[in-house]
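> Once you've had a glance at the structure underneath, I'll fire off some questions.
The values are calculated or read from the model by the stated rules, or taken from the named source; none is laboratory data. These figures come from a predicted structure and were not determined experimentally. In this analysis, Cβ positions are derived from the backbone assuming ideal geometry, glycine residues included, and neighbour counts consider all displayed protein chains. Heads up: the accessible areas ignore ligands, DNA and RNA and are worked out on the full protein's heavy atoms, side chains in. Shrake-Rupley method; radii C 1.70, N 1.55, O 1.52, S 1.80 Å.
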Amino acid sequence: MLRKDVCKILTENKNSIVYIASSNKNLEIYFDKMWEEKSIKLIKISDIQEESEYFKINYELLEALKSDLKVVILVSVEGILSQYSLNEDMITLNLGSNVSRKDLIDILEKNNFKKKYLVEDRMEYSVRGDIIDVFPPNGEYPVRVEFFGNEIDRITNFSCTDQKSFEKLSIVNMYINKNKKNLLNFLEIIAKFKKNRKVDIYLENDEIVSYKIEESIIRDRDNEYNYKDIYNNLEKESIKLDVIKSEGDNQKQKPKFSKGGIKYENTSQIREGDYIIHENYGVGLYLGIEEISGKDYLAIKYADEDKLFVPIEGLNKIERFLVDPGNVPELYNLGRRGFKKRREKLEEDMLKFAKEIVKIQAKRALNMGFKFSPDTVWQEEFEEKFPYIETRDQKRAIEDVKRDMESSKVMDRIVCGDVGYGKTEVALRAAFKAIMNGKQVLFIAPTTVLAQQHYERFLERYKDYPITVDLLSRLSNDKDQKEIIKKISSGSIDIIIGTHRLLSEDVKLKDLGLVIIDEEQKFGVKAKEKLKKMRTNVDMLTLTATPIPRTLNYALLGIRDISVIETAPEGRVPVETTFINDDKKEIREVIMKEIAREGQVFYIFNRVKRMEDKLNELKKALPKFVSIEYIHGKMSPKNIKEKLKSFEDGDIDILLSTTIIENGIDIENANTILIEGIDKLGLSQVYQLRGRVGRGKRKGYCYLVIDKDKKTGKKATQRKETLNEIGELGGGFKLSLEDMRIRGAGEILGEKQHGALETFGYNLYTKLLQEEIAKVRGEEEESSEIKIYLEEDSYLPKDYIEGDERLVIYRRLVDIKKLEDLKEIELEIKDRFGNLPKEAKNLLDYLEIKILAKKLKIIEILKTNSEIFIKFDNEYIQFEKIMKLIELKRARYSSKDNGIFYKGEILEFLRWYEGDDI
């Protein structure tokens, strides 16, 4: 039977079903094809290594036992050998019902829920004012409960990613215990289901399943009798199916929606004890937020114990000053002009540099290219076949690329996104667009292996269209290469994929329209020079996860355009990074943990000469049934390709490799990677290698192997801290920024800028340089400060929003320029932290006043006893409206103060003054 026909059997059979799959991959395929079936209660039991996943499955089985629907349990070999607890302890919360908030907290505490400020994992809860957030063991998403006294006023599901609510609920059932008493084996679970329904058991590829049972017994001899008994009983009762792969049967159903968001975070987030740099006063030490006279201020310590108190609205003048761990920067004196004088001198050099940059940009703007036509019907059809839902960032990147291609200017865009975030799909759509316009596409990858992978992916996606895709690589013999080159020059190949071989003199394209470059920083100097020449008249699209510093700088400064894909695909689980000792027992344990869950392992060992020794060392430490092979860059491409294919097919359990696999190797079943010698690797390399695992819905593990007897170097320690600090998902772009700082960004912008970089730090330097560029272009923003003095206390109380999260919210508020953005964040704050206290409401009103005042060209607002003084920019004053107010005795004009005194609320006045009625 073909694999694609299995789901038909499962859906058409009227009875409930237990389906024992021979591989986790098959199980995932069936689940993805059936998850939208409303008439079926579908349960998938595959990888239950994570404790949170174990409890989730327990509760799904409990729910299924109570359900009247047909139940289909898709189960792996590991699943049938596991034990389950069906003890239920559930609480039901109804909207409008009376529940003591204290009682709910007591129940959570009693059942070992961990209290956190922000809930991110199962079995965690949080209390913020009248809001309790809970992530129970059951359900896909955490739950937010808001109280009004002892009455439940609101229940929602929310996203762990951005902490925002997305779905209102009227009732929620939460399982709260983690009781593992009275455990049942899988046969006993089936017996419970059989009490009130007919159950059919299907066994897929019994020979493979039998072999896997034997492997499990070898790993766990204590349970040999139990495992054999379970399997023998299931085999007797089951309907046996021999299932083989079929073409196109692993196409996943496209999910209809995504509930993920973007976590508001960056590597420049300031925390207490961090060094900061103020653009007027220089480097200081951030001490935290202090309330003074009803307002919040950032307290910063300078030399001689001087303190500077910066109002919250001055947050945009402050950046985190990154220093090497253990280094203490020199703090400036507040009373002296040392920093100001230094800044003035450096700004002269920066202005000259800004002029150079603007010249380059102007030259680039003059380069005219081919103007591609809007999307065709075929393009729309092709994009609809993409089997996943596009993330928000991915959509934006696709729109950016299409807009560039449809304009008459030459495109030079970098698409930066973490491994597995969908950069290749952006390239596939751009290439399709170029081909629909009769143009040829050149796709250049840094390695033969990566070129081969791209070739296979392009063939698969373009198979329903009359598009010719070919591959030119070292693996092709001379005769084939000559034939391919001939076809390229005649125009009979639409898209040619290969390595830098494509940049050779003998490769001439008939009508080149688009060049796509994957990981440009991996190419040599000559290849880069050739690509640089191409940029003047052909559209260029560069794909990268960690851009080289120079590329990233150019992108940030507008010399090249950049699109960043930061949103993780639906269902992606962060990779867990752990440091382990170079100890045979520890290494064996983490490898066997992955083998036990039917997975595969990468082992990175970047020393070619000692590769054989390492292979033997691992073989001695591991059981005989674990197969290990190695690859490195000095082997023939054909040999590398064959071994990678065997690894992909599951014939090899552990692939020992140099860093040759850091780009483009996409093997969903490999979810553990061990990396030796991180002190010898660049931070970007470690990040790229870590990206080889956790590419599916399974949790990935990255183990950084360190020599316990060897003192960890400063660089390795620094890399360890940075990897732990950076957000687990979408961190590649941020990591490249961090990598620049670690390596020293002086190399990037040349010697002349080195002093400025050291003085200002990377963040402030970039900001000041962009300001200088805006000056040269004549696009400098008006820096007129609006004077606003109101009597009300306006801040975020620390008992309303706590710790670092308060500064995160403050920073977001200060950055807001539009009223609609202010309203959006107000709704988010109410959702996450509860009703606004008076001081927080005053703060949001103050920010609305500031936005409106700037828009209406008001330069001063001052609250006096019973009136509000308002001073206008005389060039923009609306005289008719002011006269109307004076006539109605709602205001009086003061020639002495050159403004009006208004009787009433300032927001009421501003909203009226902005409107059309007089």
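> Can you sort I176, I886 by 1.4 Å-probe accessible area, starting with the largest?
Putting I176, I886 in descending order of accessible area: I886, I176.
> Please compute the alpha carbon radius of gyration of region 90-175, then divide it by the globular-protein estimate 2.2 N^0.38 Å. Two decimals is fine.
0.96
> Using heavy-atom solvent-accessible surface (probe 1.4 Å) with all chains present, what is the largest-first order of T447, T577?
Correct descending sequence by accessible area is T447, T577.
> Rounded to the nearest 5, what is the percent of antiparallel bridges among the DSSP beta bridges in the chain?
If I count the DSSP bridges inside the chain, around 45 percent turn out antiparallel.
> Might you work out the accessible area of R271 for me, using a 1.4 Å probe with all protein chains in place, and round it to the nearest 10 Å²?
The accessible area of R271 comes to roughly 100 Å².
> Please list, or write none, the lysines whose alpha carbon is within less than 18 Å of the alpha carbon of K609, excluding same-chain residues fewer than 8 places away.
K619, K634, K680
> In addition: Give me the log10 of I(q) over I(0) for region 461-548 at q = 0.17, 0.23 Å⁻¹, as the Debye formula computes it from C-alpha points; what are the numbers?
Here the Debye-derived log intensity ratios amount to -0.80, -1.34.
> Moving on. Within the P(r) computed for the chain, what percentage of the Cα pairs occupies the region above 58 Å?
17 percent
> With a 1.4 Å probe and every protein chain left in place, tell me how much accessible area I906 has, in Å² to the nearest 10.
10 Å²
> Given the -39500 (n - 2.57) contribution per DSSP H run of 4+ residues, what per-residue ellipticity at 222 nm results for the chain, rounded to the nearest 500 deg cm²/dmol?
-12000 deg cm²/dmol
> Now for a different question. Just how much of E313 is accessible, in Å², when a 1.4 Å probe is used and the result is rounded to the nearest 10?
80 Å²
> Return the ratio Rg/(2.2 N^0.38 Å) for region 130-228, where Rg is computed over Cα atoms only.
For region 130-228, the normalised Cα radius of gyration is 1.70.
> Hey, another quick one. Fully extended, how many nm does the chain gain between F309 and K487 (0.36 nm per residue separation, minus their Cα-Cα distance)?
Gain on extension, F309 to K487, equals 57.1 nm.
> For each pair in K532/K767; K38/K116; K508/K533; K433/K526, compute the distance between the two Cα atoms and list the pairs where it is over 25 Å.
Pairs exceeding 25 Å: K532/K767; K38/K116; K433/K526.
> Over 10 Å intervals from 0, what percent of Cα-Cα pairs in region 268-335 sits in each interval?
Binned Cα distances yield the sequence 21, 57, 20, 2.
> Set the bar at 32 Å for Cα to Cα. Now go through K228/K699; K66/K823; K66/K830; K240/K584; K817/K884 and name every pair that lies beyond it.
Too far apart for the 32 Å limit: K66/K823; K66/K830; K240/K584.
> Follow-up question, since we're still on this one. Among the aspartates and glutamates, which have Cα under 12 Å from the Cα of K881 when same-chain residues fewer than 8 positions away are ignored?
Correct list for K881: E914, D916, D917.
> Taking the Cα-to-Cβ direction at I239 and at R474 and moving 7 Å from each Cα, how far apart do the two end points lie in nm?
Roughly 5.3 nm, to one decimal.
> Kirkwood Rh, region 588-671, all Cα pairs: how many Å?
Result for region 588-671, one decimal place: 13.0 Å.
> Taking the convex hull of the alpha carbon atoms in region 280-391, what volume per residue do you get, in Å³?
Per residue, the Cα convex hull of region 280-391 comes to 266 Å³.
> Using the Cα atoms of region 787-914 to build a convex hull, what is its mean projected area in square nanometres?
Convex hull of Cα atoms, orientation-averaged projection: 8.5 nm².
> Could I ask something else about it? Quick one: divide the alpha-carbon radius of gyration of region 377-563 by 2.2 N^0.38 Å and tell me what you get.
0.97
> For the chain, give the percent of accessible area contributed by carbon and sulfur heavy atoms, probe 1.4 Å, rounded to a whole number.
48 percent
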